[in-house]
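K.L.:
I'd like to ask some things about the structure below.
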Amino acid sequence: MAREILFNAFAMNCVGHQSPGLWRHPDDRTTDYTSLAYWADLARLLERGKFDALFLADVLGAYDVYGGTPDAALRGGVQVPVNDPMMLVSAMALVTDHLGFGVTANLSYEPPYVFARRLSTLDHLTKGRIGWNIVTGYLDSAARGMGESRQRGHDDRYDVADEFLAVVYKLWQESWDDDAVAADKARGVYADPALVHRVTHRGAHYDVDAIHLAEPSPQRTPVLFQAGSSSKGRDFAARHAECVFVSGPSAKVIAPRVAAIRAAALPYGRGREAIKIFSMMTVIIGVTEAEAQTKLVAQRALASPEGGLVLMSGWTGVDFSQFDLDDEVRHVENDAGRTAMDNITRADPGRTWTVREVAQHVALGGIGPLIVGTPSQVADALEAWVDETDVDGFNLAFTIMPGSFADIVDYLVPELQRRGRYKRAYREGSLRHKLFQDGPRLKVPHPAVRRDKIGIKQEQDAETVTA
Ligand SMILES: Cc1cc2nc3c(=O)[nH]c(=O)nc-3n(C[C@H](O)[C@H](O)[C@H](O)COP(=O)(O)O)c2cc1C
């Protein structure tokens, strides 16, 4: 039987997210992003649609590559202003029972000791529904905010990330034994000091000599999400990620990336079931084709092509304001993200893109494909995409908030359920258990789990634990 398709909703603690300009649409509520009620309503809606998770993007730094200033980003509300995504999770967890939360956090600018506690806290408060989207950033503006002149080199960022993970794994997995908390009122012992271990780490980038501050949470290590597709990013994903996000305009671009990630994971003992891969997708749904097309026309009229280029310039590190709109985009390699540029240059040599095409495409949901049609047409397209690319599900970007997600919940989900391609009920348990029917804790061969601790010989360790 065909697999069930997984759904993440893709959003960010700002206006518009990946559909610049559409915050002006009369039905759009993203300008309420500073209110808790807005996020609580979204969480309830997604849980009604049995979404697996809300994936919250986050970007440190302003998009100032376009034109060399943040002016266009500020004028258009293009992912700036942007608030902290982690602050939203507790409130959304309180009004839901099952929805997972994949929160993005950039590890380049904070110490692992502090970060590990924040995630443990959220794993407790969500009862094991927290995931972490591991990112290292792509904007020099973030580095300047942190006293550096520019960000680290592309591949170096992944090396730092490896060491960061080695440290947080030790804090989450090894500092507290499962039975360390006695909470014994009669004896007056809360935790048994003999069962709480100091973590020591001396590495190139981090030194830690401390116990983890939080007691063991349901999952210990949050579900690990990641989105690098460069060769270095792919190797990182192959070792660490439980969920990988891919993004590209066509199945032809995505299918080889998915195959490459799955192949890269095999030598680490991580087979087809170890990694769930989600493809970015934007859908505009109408009950009739005509209604869907009417929505598209109204949304196109308000989508900001300049905003699309502001985003693209930030993702690629290339100032798209310097080109003529009819210029063909040519490949450039630098220290920003690699994949956004590949998508419109090398990934599909049969398809060239002008700057104008990029601007218009990215302005409606980002670089993923846009599918417009009836629930049945959209379901056909998603099924075909899964068959062609071997992904497990989708990160659904919105054009109108919450209308895009309401249409998915009310029309697309029932259609996929009728086809046996979407869950009718949530599984019980942690986010890891819901996604993998396993958990709540990570298991061997994931590098977070020390084989020597559980009596397995360390032969071919993939991790760089530098205790
Ligand atoms: C679907 C998707 C979502 C992403 N979300 C974020 C994000 O929220 N914050 C961020 O800094 N980077 C984000 N990224 C960028 C990735 O972390 C990474 O920098 C990018 O994919 C380039 O990696 P590469 O150079 O290894 O291909 C995202 C990428 C994708 C494909």
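The values are calculated or read from the model by the stated rules, or taken from the named source; none is laboratory data. Keep in mind the model is a prediction, meaning the values are calculated, not measured. FYI the Cβ positions are ideal-geometry reconstructions off the backbone, even for glycines, and counts take in every protein chain you see. Note: accessible area is taken over every heavy atom of the protein model, side chains too, but ligands, DNA and RNA are not part of it. Shrake-Rupley method; radii C 1.70, N 1.55, O 1.52, S 1.80 Å.
K.L.:
Taking segment 183-232 as the region of interest, how many residues are modelled with pLDDT under 95 and crowded, with 20+ Cβ neighbours inside 10 Å?
P.N.:
The qualifying residues number 3.
K.L.:
Just checking, how many residues over segment 355-370 are in contact with a strand residue (DSSP E or B) (Cβ under 9 Å, 6 or more places away or on another chain), surrounded by 20 or more Cβ atoms within 10 Å (Cβ to Cβ) and not in a loop (DSSP other than H, G, I, E, B)? Don't jump to the end; show me each part of the working.
P.N.:
Taking segment 355-370 as the starting set, the residues that turn out to be in contact with a strand residue (DSSP E or B) (Cβ under 9 Å, 6 or more places away or on another chain) are 355, 361, 364-370.
From what's left, surrounded by 20 or more Cβ atoms within 10 Å (Cβ to Cβ): 355, 361, 364-369.
Keeping just the survivors that are not in a loop (DSSP other than H, G, I, E, B) gives 355, 361.
Residues that pass the stated criteria total 2.
K.L.:
If you don't mind, there's one more thing I want to ask. Just one of D162, D235 is open to solvent by 40 Å² or more (accessible area, probe 1.4 Å), within 30 Å of G337 (Cβ to Cβ), within 14 Å of the ligand (Cβ to nearest atom) and out of contact with any strand residue (DSSP E or B) (no Cβ under 8 Å at 6 or more places or on another chain); which is it?
P.N.:
Result: D235 is the single residue among D162, D235 that is open to solvent by 40 Å² or more (accessible area, probe 1.4 Å), within 30 Å of G337 (Cβ to Cβ), within 14 Å of the ligand (Cβ to nearest atom) and out of contact with any strand residue (DSSP E or B) (no Cβ under 8 Å at 6 or more places or on another chain).
K.L.:
Related question: Go through segment 337-375 and report how many residues are touching a helix residue (DSSP H, G or I) at 6+ places or on another chain (Cβ under 8 Å), of a type in the set (S, T, N, Q) and within 16 Å of the ligand (Cβ to nearest atom).
P.N.:
Here the count works out to 2.
K.L.:
Right, another one. Name the helices (runs of 4 or more DSSP H) wholly within segment 374-438 that hold at least 3 residues that are more than 22 Å from the chain's Cα centre (by Cα)?
P.N.:
On the way: elements: 375-389, 403-407, 413-418, 431-436.
Correct list: 375-389, 413-418.
K.L.:
Now for a different question. Out of D64, D58, D28, D52, report the one residue that is open to solvent by less than 50 Å² (accessible area, probe 1.4 Å), touching a residue at least 24 places away in the same chain (Cβ under 8 Å) and touching a Phe, Trp or Tyr at 6+ places or on another chain (Cβ under 7 Å).
P.N.:
Details: D64 fails: touching a Phe, Trp or Tyr at 6+ places or on another chain (Cβ under 7 Å); D58 fails: touching a Phe, Trp or Tyr at 6+ places or on another chain (Cβ under 7 Å); D28 fails: touching a Phe, Trp or Tyr at 6+ places or on another chain (Cβ under 7 Å).
Result of the check over D64, D58, D28, D52: D52.
K.L.:
Sort through E163, E174, E110 and tell me the only one that's in contact (Cβ under 8 Å) with a residue 24 or more places away in the chain, among the acidic types (D, E) and farther than 24 Å from S430 by Cβ. Show your work before the answer.
P.N.:
Working: E174 fails: farther than 24 Å from S430 by Cβ; E110 fails: in contact (Cβ under 8 Å) with a residue 24 or more places away in the chain.
Among E163, E174, E110, only E163 is in contact (Cβ under 8 Å) with a residue 24 or more places away in the chain, among the acidic types (D, E) and farther than 24 Å from S430 by Cβ.
K.L.:
Just a yes or no: is a residue in segment 108-117 away from the ligand (no atom under 16 Å from the Cβ) and open to solvent by less than 10 Å² (accessible area, probe 1.4 Å)?
P.N.:
yes
K.L.:
Can you give me the number of residues within segment 94-107 that are surrounded by fewer than 20 Cβ atoms within 10 Å (Cβ to Cβ) and assigned to a helix (DSSP H, G or I)?
P.N.:
Qualifying residue count for the region: 1.
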